[in-house]
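In what follows, a single structure is set out as structure tokens and then discussed.
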Protein chains: 2
Amino acid sequence: MEDGHATDILDGTYRALCQHGYADLTLRDVAAEADTSKASIHYHYGCKDQLFVALLDSLADQCTERVAAIDGETPRDRLFATLEALLVDDDDAPPRAFRTAMLEVTAQAPYDEAIRERLVDLDEFLFAEFRAIIEAGVAEGQFDERVDPSRAAEFITTAVTGAHTREVGLDRAPDRLHATMLRYAERHLLAADAAEVAP
Amino acid sequence: MEDGHATDILDGTYRALCQHGYADLTLRDVAAEADTSKASIHYHYGCKDQLFVALLDSLADQCTERVAAIDGETPRDRLFATLEALLVDDDDAPPRAFRTAMLEVTAQAPYDEAIRERLVDLDEFLFAEFRAIIEAGVAEGQFDERVDPSRAAEFITTAVTGAHTREVGLDRAPDRLHATMLRYAERHLLAADAAEVAP
């Protein structure tokens with residue numbers, strides 16, 4: 001397999017997805033974006049479903065790398081930087097059009113086992129990331145020792161998911177939840193002497 | 001307009017939606033479920049999009065009535081009963097098939113202004129309900145006076161949305177978030193002497 005060409009196809013799939021949404025995505029759109037032929041896409045990835053699963057795998061790798069690369073000396077810094085990466089629009093964040101398409105993909109997941117598996121993996125990765133940060137924070141005494149890392153991580157992961165759903169479906173900017181989330185963390189996760197704002 | 005027949009059509013639309021999902025829903029399915037003709041549906045509701053908006057309006061009314069009918073003498077009781085109604089599966093709760101279809105509808109909202117307006121109304125209703133409960137709880141001294149009702153209501157509404165998205169897309173039971181949410185409320189919303197579990 002020519003790796004460069006296979007990567008070009010995935011990149012084209014990503015761009016076509018942002019442009020057309022998931023329901024209307026065709027291999028013809030992908031071929032046009034990747035400047036290749038439908039035959040070449042079939043050769044490298046098989047059918048549309050398989051191509052899409054390959055894209056999700058590639059996006060999961062990128063998301064994992066992006067989160068792993070987040071700076072932060074302390075658990076508090078890491079928590080806040082991760083929330084910022086997930087909830088604040090900046091040049092590094094995936095574009096709104098992509099999150100719109102991803103909600104379509106999520107709505108499709110009940111009907112497609114391969115898609116659901118990938119979404120579950122991503123969700124579990126995020127959950128585990130938050131739990132590890134909170135566990136470290138509790139162990140180091142920066143977070144309140146009464147916090148249950150699994151419960152808090154479940155709460156945060158669910159709220160982040162909800163923020164993305166509301167952003168796409170209801171046109172609600174996730175920034176407001178970001179501010180609320182920081183306050184939640186300051187008030188309820190951090191130990192009293194580690195919080196920087198008044199309760 | 002024969003009100004009974006118009007209502008039968010909406011009921012049939014609801015059942016057809018649960019059975020076929022939103023993307024695959026046809027007026028033929030609705031006609032079969034409502035035991036009527038496509039012509040009669042057109043006469044009462046116009047096109048599929050208009051029928052669907054009428055269904056959303058009717059569902060919003062039912063949801064509003066259901067939440068308004070929630071028992072609870074104190075703000076704490078009302079908060080917990082509302083969370084239970086939204087996050088715990090029981091005979092009164094809408095079936096899973098309906099929530100699956102509603103995620104498809106939400107994913108469609110960016111492309112359909114009339115749908116988005118209805119979803120926004122429902123979201124605002126829930127948000128206002130939570131805010132009113134929390135405001136009353138703070139005013140009566142049952143909730144911690146440092147709680148900001150708008151922020152807490154935004155957080156809860158977003159987490160409930162996220163729980164529904166994860167339930168449908170990732171097959172995650174919302175019960176676990178329900179338990180986490182109760183704990184969050186006990187620990188962080190209620191005044192110290194009103195909480196019934198240890199922090």
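The values are calculated or read from the model by the stated rules, or taken from the named source; none is laboratory data. Quick caveat: nothing in here was measured; it's all calculated off a predicted structure. Note: ideal-geometry Cβ built from the backbone for every residue, glycine included; neighbour counts use all protein chains shown. Just the protein is used for accessible areas: all its heavy atoms, side chains included, with ligands, DNA and RNA removed. Shrake-Rupley method; radii C 1.70, N 1.55, O 1.52, S 1.80 Å.
What do you get for the angle between helix B:175-184 and the principal long axis of chain B? Use alpha-carbon atoms, 0 to 90 degrees, nearest ten.
30
Using only protein heavy atoms and a 1.4 Å probe, how much accessible area in total is buried between B and A, to the nearest 100 Å²?
Rounded to the nearest hundred, the buried surface is 4100 Å².
At B:Ala132 and A:Thr26, where each label point lies 7 Å from the Cα along Cα→Cβ, what is the point-to-point distance in nanometres?
Each label point lies 7 Å from its Cα, and together they span 5.0 nm.
Rank these residues by their accessible area, most exposed first, probe 1.4 Å: B:Asp171, A:Asp144.
B:Asp171, A:Asp144
So what's the angle, to the nearest 10 degrees on a 0 to 90 scale, between helix A:75-87 and the longest Cα principal axis of chain A?
The angle comes out near 40 degrees.
So how tilted is helix B:96-108 from the main axis of chain B? Cα-based, degrees 0 to 90, rounded to 10.
Here the helix axis deviates by roughly 80 degrees.
In segment B:159-173, what residues drop by 10 Å² or more of accessible area when the other protein chains are put back, versus the chain on its own? Use 1.4 Å, and skip ligands and nucleic acids.
Residues shielded by partner chains are B:Ala159, B:Thr161, B:Gly162, B:Thr165, B:Arg166, B:Val168, B:Gly169, B:Leu170, B:Asp171, B:Arg172.
Tell me, what is the FRET efficiency for A:Asp77 and A:Asp175 to the nearest 0.05, using R0 = 25 angstrom and their Cβ-Cβ distance as r?
Efficiency for this residue pair is about 0.80.
Need one value for B:115-121: mean number of C-beta atoms belonging to other chains within 10 Å of its residues' C-beta atoms.
2
Which percent of the accessible area of segment B:69-161 is formed by carbon and sulfur heavy atoms (probe 1.4 angstrom)?
45
Based on a Kirkwood Rh over C-alpha pairs, give the Stokes-Einstein translational diffusion coefficient of segment B:1-84 at 4 °C and viscosity 1.567 mPa s in µm²/s.
It comes out at roughly 91 µm²/s.
Rolling a 1.4 Å sphere over the protein heavy atoms, what is the accessible area per residue of chain B, to the nearest Å²?
46
Considering amide H positions built from the backbone, and no H for Pro or chain starts, which residues 5 or more places from B:Leu190, or on another chain, come under 5 Å of its amide H?
So B:Leu190 has HN proximity to B:Asp144.
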